[in-house]
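Visitor: Here it is, the structure, as structure tokens.
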Amino acid sequence: MSNEVRDPLLPDRNLISSLQSLVDSLQNRVKELEEENAKLSSRLSSCCCHKIEEAFDRVVVDCNGLLAEGRESKTGGKATTKKKVVEKISGSNTRTINHHCKRYVALKIMYFGKRFYGFASEAQMDPTIESEIFSAFEKTRLLVGDKKELQYSRCGRTDKGVSSVGQVIALLLRSSLKETDASNENSEKIVFKEQHEQEIDYVGVLNRVLPDDIRVLGWCPVPVGFSARFSCLSREYKYFFWRENLNFLAMEEAGKKFLGEHDFRNFCKMDAVNVHNYKRNITLFEICPSDVRYDGNQLWAFKIKGSAFLWHQVRCMVAVLLMIGQGLESPDVIDTLLDTEKTPRKPQYTMAPELPLVLHSCEFESIEFICSADAGQALRMHLANQCRNYQLQAAIFNDALLSCLPISSGQRSLKGTTKKKASHIPLMSRPTEPSYEERRLKLNSKTYGLSKSS
């Protein structure tokens, strides 16, 4: 047995051999990956995916009759038309896309608000008008990029149950035009020219996928600095009501007192956290008849126009006007409530219901909405059908009313003895809400208490 001691610093031949083998293996793998990368690059250069996507876009955007047919027939074999068209184009992607040209567009929108939890989707309540509209954007592949990059703005944030025939939103949407402003850093993507021809028919495309109670009325290209909220010059609301026995002269006198700039803190739901200026300018007040009648009663509307409005301002104004029309309050109560030095606290009263309120129009400088002939004709046909449907529903309810059993004389007298008319408490004799200053003081004390405890 040898007693020779091995020097630990001398290299192990077996270890060197295994390391060399590993290096050779890695080098061979690198060569394989380089060859595979070259093959993939060659395939990518000859890829026609963009052609497939463009073909899909043409189907979604231009095949109006085919998609409309698939949408309208929900029970027959045509209901799956759109699905089948998509499946025929293999490899298509229906998610939002980033590489298309886009342009900043304003859309004029109408909606019947009865079934919605307001316009805005931030309240985490569904359905909202905004959530339905963005769902339509996604279905039609009109969104380009992430939602945060759309520069989205809305003119009015209508509440639950409120309708509109003139809401305006603005955002970046996909464009079929290619020419751009070369001086802009994003010129390869954003279209700036005013051309309308050969552009996507935004009205027709969106209306084919929107629910029946929402429709786009028109579109207009706008500059990137445009804001549907802050570029708006004025907003006009209508509030419908039945004529009945209201005193129109008294309501007209009272309504004229709203004209001009006033502090409307007693005619709104106060938000002392976010709103600190309650002065608003009312430029128009009218009482207008409509051509709708029922059972000898005519439908009328208050028309109120201003630069901007506070939360629930129109419904609070209407509530007081109707009290005046019923003879429960004097027109002079408007002056008293507008004088916030003498009346710093709002009397407690119930605002008018939301269903008759309509955002009628939003005014902008140099904005003219357009609509293609085909989309306009389809829009008018749809709205006419909706009118007929609601008239049919009204006829059914009226038929049920006529079918009710007659009230006997005994029942009539019993009804008269049990139902009492609620007595009216004058507004200025009612309990009041906290003033703005009192609300701010309470908020500041809470903030101070939290900071002190922390």
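The values are calculated or read from the model by the stated rules, or taken from the named source; none is laboratory data. These figures come from a predicted structure and were not determined experimentally. Here the Cβ is made from the backbone with ideal geometry for all residues, glycine too, and neighbour counts use every protein chain on show. Surface accessibility is based on the protein's heavy atoms, side chains included, excluding ligands, DNA and RNA. Shrake-Rupley method; radii C 1.70, N 1.55, O 1.52, S 1.80 Å.
Visitor: Only one residue in 291, 295, 332 is surrounded by fewer than 18 Cβ atoms within 10 Å (Cβ to Cβ), at pLDDT 95 or above and assigned by the TED database to the domain that holds residue 246, so which one is that? Lay out the reasoning, then the answer.
Guide: Details: 291 fails: at pLDDT 95 or above; 295 fails: at pLDDT 95 or above.
Checking each option against the conditions leaves just 332.
Visitor: If residue 187 meets every condition in (1) farther than 17 Å from residue 354 by Cβ; (2) at pLDDT 85 or above apart from one, which number is that one?
Guide: It fails just one condition, (2).
Visitor: Only residues in segment 428-447 that are under 16 Å from residue 268 (Cα atoms) count as the first member; pair them with residues that are assigned to a helix (DSSP H, G or I), Cβ under 8 angstrom, at least 6 apart or cross-chain, and list the lot.
Guide: If the second residue must be assigned to a helix (DSSP H, G or I), the pairs left are 434/442; 436/265.
Visitor: Against the conditions (1) at pLDDT 95 or above; (2) open to solvent by less than 90 Å² (accessible area, probe 1.4 Å), where does residue 404 fall short? Just the number, please.
Guide: For residue 404, the exception is condition (1).
Visitor: Something else about it: Residue 244 - would you say it is assigned by the TED database to the domain that holds residue 323, assigned to a helix (DSSP H, G or I) and open to solvent by 50 Å² or more (accessible area, probe 1.4 Å)? Even if it seems obvious, please write down each step before you answer.
Guide: Details: assigned by the TED database to the domain that holds residue 323: yes; assigned to a helix (DSSP H, G or I): no; open to solvent by 50 Å² or more (accessible area, probe 1.4 Å): yes.
No: the conditions fail for residue 244.
Visitor: Are any residues in segment 116-138 surrounded by fewer than 17 Cβ atoms within 10 Å (Cβ to Cβ) and farther than 27 Å from residue 234 by Cα, and if so, which ones?
Guide: The answer is 124, 125, 126, 127, 135, 138.
Visitor: I'd like to check something: does segment 230-237 contain any residue that is farther than 18 Å from residue 357 by Cβ, surrounded by fewer than 21 Cβ atoms within 10 Å (Cβ to Cβ) and among the charged types (D, E, K, R)?
Guide: So far as segment 230-237 goes, no, none of its residues is farther than 18 Å from residue 357 by Cβ, surrounded by fewer than 21 Cβ atoms within 10 Å (Cβ to Cβ) and among the charged types (D, E, K, R).
Visitor: In addition: Would you check which residues across segment 439-451 are more than 34 Å from the chain's Cα centre (by Cα) and at pLDDT 90 or above and list them?
Guide: 441
Visitor: Six or more apart or on different chains, Cβ under 8 Å: which pairs go from a residue in segment 273-295 that's part of a loop (DSSP other than H, G, I, E, B) to one that's surrounded by 14 or more Cβ atoms within 10 Å (Cβ to Cβ) and not hydroxyl-bearing (Ser, Thr, Tyr)? Could you list them?
Guide: Filtered contacts from segment 273-295: 275/310; 275/311; 278/263; 278/264; 278/265; 278/268; 278/270; 278/310.
Visitor: Quick check: anything in segment 344-353 assigned by the TED database to the domain that holds residue 245, closer than 24 Å to residue 118 by Cα and open to solvent by less than 50 Å² (accessible area, probe 1.4 Å)?
Guide: Among the residues of segment 344-353, at least one is assigned by the TED database to the domain that holds residue 245, closer than 24 Å to residue 118 by Cα and open to solvent by less than 50 Å² (accessible area, probe 1.4 Å), which makes the answer yes.
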